[in-house]
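See below for the structure under consideration.
The values are calculated or read from the model by the stated rules, or taken from the named source; none is laboratory data. Source: prediction; values computed, not measured. We place every Cβ from the backbone using ideal geometry, glycine too, and count neighbours over all the protein chains shown.
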Amino acid sequence: MTTPPRLPARIVGWAAARLSWGETACGDLAEEHALLTARRGRTWSAAWYWGQAALLVATVVGQFVIHASSAARTVLFIGDRPMTTLVKEIRVAARTLRRYPLITAAIVLTLALGLGVNAAAFSMLDALVLRPFSLPEVDRLAVVSEWSEDNSSPHDPEESVSPANFTDWRQQSRGFESLAAFGWWQVNFSGGDQPERVLGFRVSADFFRTLKLAPRLGRFIDETDTTNGPRKVVVIGFGVWQRRFAARPDIVGQNVKIDGEFYDVIGIAPEGFDFPSGSAVWGPLDAGPEALRERNNRYLTVIGRLADGRSRADASAEMNVIGDRLRREHPQDNERHSPLVQSFTAGMIDPGMDQILGMIQLGAILVLVIGGANIANLLLARGWDRRREIALRLAIGAGRARLLRQLLIESAVLAAIAVPVSLAFAWGSIRILKSAMPARILPFVPGWADMDIDGRLLLVISATALLASVLFSIFPALQASRPNVVNTLREGGRSVAGNRSGRVVRSALVVGQMAVAVPLLVATGFTGSAARQFALGPQGYDPEGIITMRTVLVDATHPDADARRRFAEQLIDGAARLPGVESAATTTFLPSDGSNATRELVVDGRPDAGQGRRPTAAYRAVSSRYFDTMRLPLLEGRAFGTGDTADSMPVAIVSQALANRLWPGESALGRRLQLPTTDDTRWITIVGVAGNIIDDWFSRRNGPMLYVPMPQRPTYLVNLVLRSGGDPTTLSGEVRSLLTSIDPSQPPIYIMTMKGMLHERTVGLQMIGAMMGVLGALAVVLAAIGLYSLMAYHVSQRRHEIGVRMALGASQGTVVRQTVWRAWWLASVGIVIGLVPAYLLTGVLRGILFNVVSIQPGHFGAIVLGLVGIAIVASLIPARQASKVDPAVALRSE
Amino acid sequence: MTDGPAYIGELEQLVLLAILQCGDDAYTVSIRHVLADRSHRRLARGALYTSLERLEAKRLVSSRLGEPLAVRGGRARRYFTVTADGLEALRKARQAVDNLSRGLEGLLEKP
């Protein structure tokens, strides 16, 4: 005898279990299979059996669909005139909700809070990550970058491509209709009245064509402007045109002064266009033969528009082939680099932004879930209170489907009330967030200005509200619509200790709330402590009492080292004489100002590893009193002095990190270094070792730094640093006039305190910390309310039992202990469950928070203790109420 | 049913007739074979089973389980018998067809 093949037989078994005639079908199929095997052979019968199994599965699926749709129809459309019935039922629902005003208000408020945080989070996610760029057909744009194997931090596609590789890509690629490149070009802009520092970009001839833009006036940059070296022409942003030139159309064709030289204005950009974020002027990129030979210097950002019919995957595959070819052809420069094609949005937003905002959105969803558990709990309690009404309706003939529908409509009405409240909450949050963003940072966060309540948000939040209200109310509704009619009516609504499954579910909800709150609080704790550390943690220098001013010299006015040195010295001398100034200095880059320069180093007595493989350090040219002014401690040797001049022996001070890296276990003093990639390749002697500093919280914490005396290597970047005995902000006017008195054509880029600079650099993280703080606080409050209401309900349902116990001799203390014990137990189970996802989360968090905060067991301990404490406090009030039950009254009331 | 046997549809008539044709050996597989052979209709498995369930619910057929069989993986066959009500329903249905066909022999007979 033959048996059917095993796998389809299992499938048949599965399907049969779901069909009323399944058992018979199973037997018949086995019998017919045996018959067929005897007649036509095994293969034939096996194939036939497979077919029959598939038919059975299709039958099961078909029955399910029919069943589900008829159930949905029953619940949604009862009565011959569905709309009239619906309106009537909404009225009934509103009346019922009014009958329980406190519960209704609590549900609406909880739902509104949960939805509000989700709305605020989604508005950010949508504006900053999902669609931060309002450019034509932005989904057909891509960012192409050079990805380096050596890079350990997250890949930043901006400023990663060399001109020669870009040129080869453009010539060889067919997947892109056009490829364009641009590079940073910050300029001193004069024309109109005051000189001003504006952000600009040098762009290739294809830039505006790739973005599919038309000029507001005049023309955009084309090949004639770039191919034989950059011509002195400029496209001006709409904002600058309005602000500085009063929107005069005749400005096109005239010239403006940029970095001390005259540039012809050839066009005005369309309104609202400021890409790359914050740009106000666009000049031509140097596409001359000399510039295009540069393959090892990577400073361009490359964007492309996909050719018709090509996908990003096609373009990516093609770029990989081109990358391989270029690696073979130029192994020296391209050995460790490969092209990477990303979507425009993914490539242009700050690395990590999507993860951070994703984390906030997830936190908001968790808050909604925790609040949802409270709503479910309230509805369960109300369902229990209403069971007599419901039983009566069932007894006089209302169908269960009809009751279920009524209860769901009540939830939908609650959601409809909660949505506008939540949007008001979100609107307020967005306003607060927007006002917290410093104006100077604003242009660099694409999409920030567009963050608002719009139709899309309304749609998402309404859908979430409906889904959440149905989800949170479905179980209570099912529970309420299934009372034991006879018993309920016979009891006459007297309370016994609630029904058992309802009680279990309510406890499970509270356990779940605690379990969800733990990972959320862990995330809150970590972001909070990272934000705190960024703003207030030790920086390695003393930012208190310091005001700074940045300006950038240009070749036209300060053509050589002497002119730049003279300018800096004049500035320092003038500043030192200002009232209240304790000391003054200059540096090329300040800590936390977001810019940096590095130099490759050759160490005396060691072989030169060659370009690209040498050790590097952040490079700063500072004046003699820089270390005092910043209160940056010198650990060994001396500071720079007046003797370190252009003509004296070249000297340098290294940070401790650099000393340890180059000469571990030995003193760095007296050692010699060379800067092979600069014009001056004389040996430099180390005369001092300075303490490590947080030069940048995100990328350069306690890293290797090399300081050289400004008079020996003056640059066009001048940052004045003043230490004041009093409030440094009072000096800003005098610093500005000082600059004007030295050179009226020289604009200050900014004048701000060091504390302000630190704040600006880390404001994003502080905002994230604050947002996570709000979410964490809401989670704790909602979980505490959940536990409180459960315990209060528990006590009210058990008054009779407590009365009996007390009549039999239980003390008030015992009653309090039992109630608190129960709360403690529920909270503990939840917390233990929550610790598992919380622990898994820590790894993810560390990555998201730039590895700044290490995960400490103390954090976990504090969160666990805090939650347990809150659980106990939340249960104390109900526990005290329980202990005040008068046995006589409790017994009589039954 | 208060007023005699229930009204039965065409499929139910065919199933009842097939059961009668099978005699003592009327169980799902044989009924399906007879239906396929004599009425040239390949009835979906589910359709046959649900008709049988419906006929049993209307008490037009009754069923009993046979012995468990190895060839059916240890499951028993369910044997069906047409009840007196079932026979009556068949007669009525046939009567109705006959009554309605009277005078139309010219049209309905094979040419």
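What to note about this one:
- Selection status of A:Val60, surrounded by 14 or more Cβ atoms within 10 Å (Cβ to Cβ), within 19 Å of A:Ala15 (Cα to Cα) and modelled with pLDDT under 90: yes
- Checklist (1) surrounded by fewer than 18 Cβ atoms within 10 Å (Cβ to Cβ); (2) within 19 Å of A:Leu357 (Cα to Cα) applied to A:Pro446, failing item: (1)
- Test: residue in the stretch A:265-285 that is modelled with pLDDT under 85, exposed (fewer than 13 other Cβ atoms within 10 Å of the Cβ) and acidic (Asp, Glu): no
- In the set A:Thr557, A:Thr551, A:Thr588, only one residue is within 19 Å of A:Val187 (Cβ to Cβ), β-branched (Val, Ile, Thr) and in contact with a Pro (Cβ under 8 Å, 6 or more places away or on another chain); that residue is A:Thr551.
- Which listed residue is modelled with pLDDT of 90 or more, surrounded by 16 or more Cβ atoms within 10 Å (Cβ to Cβ) and within 30 Å of A:Leu109 (Cβ to Cβ), from A:Gly323, A:Gly363: A:Gly363
- Screening A:Leu340 with (1) more than 30 Å from A:Asp314 (Cα to Cα); (2) hydrophobic (A, V, I, L, M, F, W, C); (3) assigned to a strand (DSSP E or B) gives one miss only, at (1).
- Looking only at the stretch A:27-48, residues that are away from chain B (no Cβ under 12 Å) and either surrounded by 15 or more Cβ atoms within 10 Å (Cβ to Cβ) or not in a helix (DSSP H, G or I) (or both) come to 4 in all.
- The residues of the stretch A:198-231 that are basic (Lys, Arg) and buried (at least 18 other Cβ atoms within 10 Å of the Cβ), listed by number, are A:Arg202, A:Arg216.
- Taking the stretch A:670-711 as the range and being β-branched (Val, Ile, Thr), assigned to a loop (DSSP other than H, G, I, E, B) and under 37 Å from the mean Cα position of the chain (by Cα) as the test, only A:Ile693 passes.
- Among the criteria (1) buried (at least 18 other Cβ atoms within 10 Å of the Cβ); (2) not in a helix (DSSP H, G or I), the one A:Leu739 does not fulfil is (2).
- If the condition is being facing chain A (nearest Cβ under 10 Å) and among the hydroxyl-bearing types (Ser, Thr, Tyr), then the stretch B:31-50 contributes B:Tyr49, B:Thr50.
- The residue pairs whose first member lies in the stretch B:76-88 and is within 9 Å of B:Ser62 (Cβ to Cβ) and more than 14 Å from every other protein chain (Cβ to nearest Cβ), whose second member is assigned to a loop (DSSP other than H, G, I, E, B) and modelled with pLDDT of 95 or more, and whose beta carbons are closer than 7 Å, counting only pairs six or more residues apart or on different chains, do not exist in this structure.
- Among (1) at pLDDT below 85; (2) within 23 Å of A:Val552 (Cα to Cα); (3) charged (D, E, K, R), the one test that A:Arg202 misses: (1)
- Condition check for A:Val341: at pLDDT 90 or above, among the hydrophobic types (A, V, I, L, M, F, W, C) and more than 17 Å from A:Gly183 (Cα to Cα): yes
- Within the stretch A:241-264, residues that are on the phi > 0 side of the Ramachandran plot reach partners that are of a type in the set (Gly, Ala, Ser) with beta carbons closer than 8 Å, at six or more positions or on different chains, in the pairs A:Gly253/A:Gly218; A:Asp259/A:Ala556; A:Gly260/A:Ala556; A:Gly260/A:Ser745.
- Cβ pairs under 9 Å, 6+ apart, first in the stretch A:740-767 and within 19 Å of A:Ser699 (Cα to Cα), second surrounded by fewer than 16 Cβ atoms within 10 Å (Cβ to Cβ) and among the basic types (Lys, Arg): A:Glu760/A:Arg440; A:Gln766/A:Arg532
- Selection within the stretch A:385-421 - among the charged types (D, E, K, R) and part of a helix (DSSP H, G or I): A:Asp385, A:Arg387, A:Arg388, A:Glu389, A:Arg393, A:Arg400, A:Arg402, A:Arg405, A:Glu410
- The criterion of being closer than 30 Å to A:His794 by Cβ and not β-branched (Val, Ile, Thr) does not hold for A:Asn297.
- A:Arg682 meets the conditions (1) closer than 20 Å to A:Ala561 by Cα; (2) in contact with a Ser or Thr (Cβ under 8 Å, 6 or more places away or on another chain); (3) not hydrophobic (A, V, I, L, M, F, W, C) in every case but one. The failed one is (2).
- In the stretch A:1-24, residue surrounded by the most Cβ atoms within 10 Å (Cβ to Cβ) [restricted to those that are closer than 19 Å to A:Thr43 by Cβ and hydrophobic (A, V, I, L, M, F, W, C)]: A:Val12
- Entry remark, the stretch A:1-16: residues being within 16 Å of A:Leu55 (Cβ to Cβ), assigned to a loop (DSSP other than H, G, I, E, B) and either away from chain B (no Cβ under 11 Å) or β-branched (Val, Ile, Thr) (or both) number 1 in total.
- Going through (1) surrounded by 15 or more Cβ atoms within 10 Å (Cβ to Cβ); (2) free of Cβ contacts under 8 Å to residues at least 40 places away in the same chain; (3) in a loop (DSSP other than H, G, I, E, B) one by one, A:Pro714 falls short only on (2).
- Some residue of the stretch A:645-652 being surrounded by 16 or more Cβ atoms within 10 Å (Cβ to Cβ) and part of a loop (DSSP other than H, G, I, E, B): yes
- Options A:Glu582, A:Glu569, A:Glu544; residue that is assigned to a strand (DSSP E or B) and among the acidic types (Asp, Glu): A:Glu582
- Within the stretch A:263-294, the set of residues being in contact with a helix residue (DSSP H, G or I) (Cβ under 6 Å, 6 or more places away or on another chain), farther than 19 Å from A:Thr226 by Cβ and charged (D, E, K, R) comprises just one member, A:Glu271.
- Filter result for the condition that a residue is out of contact with any strand residue (DSSP E or B) (no Cβ under 8 Å at 6 or more places or on another chain) and surrounded by fewer than 17 Cβ atoms within 10 Å (Cβ to Cβ), over A:Gly858, A:Gly830, A:Gly776: A:Gly858
- The condition (being of a type in the set (Val, Ile, Thr), more than 12 Å from chain A (Cβ to nearest Cβ) and assigned to a loop (DSSP other than H, G, I, E, B)) is satisfied by just one residue among B:Ile8, B:Ile19: B:Ile8.
- Candidate set from the stretch B:51-75 (those that are under 21 Å from A:Thr37 (Cβ atoms) and surrounded by 12 or more Cβ atoms within 10 Å (Cβ to Cβ)); member that is farthest from the other protein chains (Cβ to nearest Cβ): B:Pro68
- Candidates A:Leu357, A:Leu368 - the one that is buried (at least 16 other Cβ atoms within 10 Å of the Cβ), at pLDDT below 90 and in a helix (DSSP H, G or I): A:Leu357
- Conditions (1) surrounded by 15 or more Cβ atoms within 10 Å (Cβ to Cβ); (2) not in a loop (DSSP other than H, G, I, E, B): number failed by A:His558: (2)
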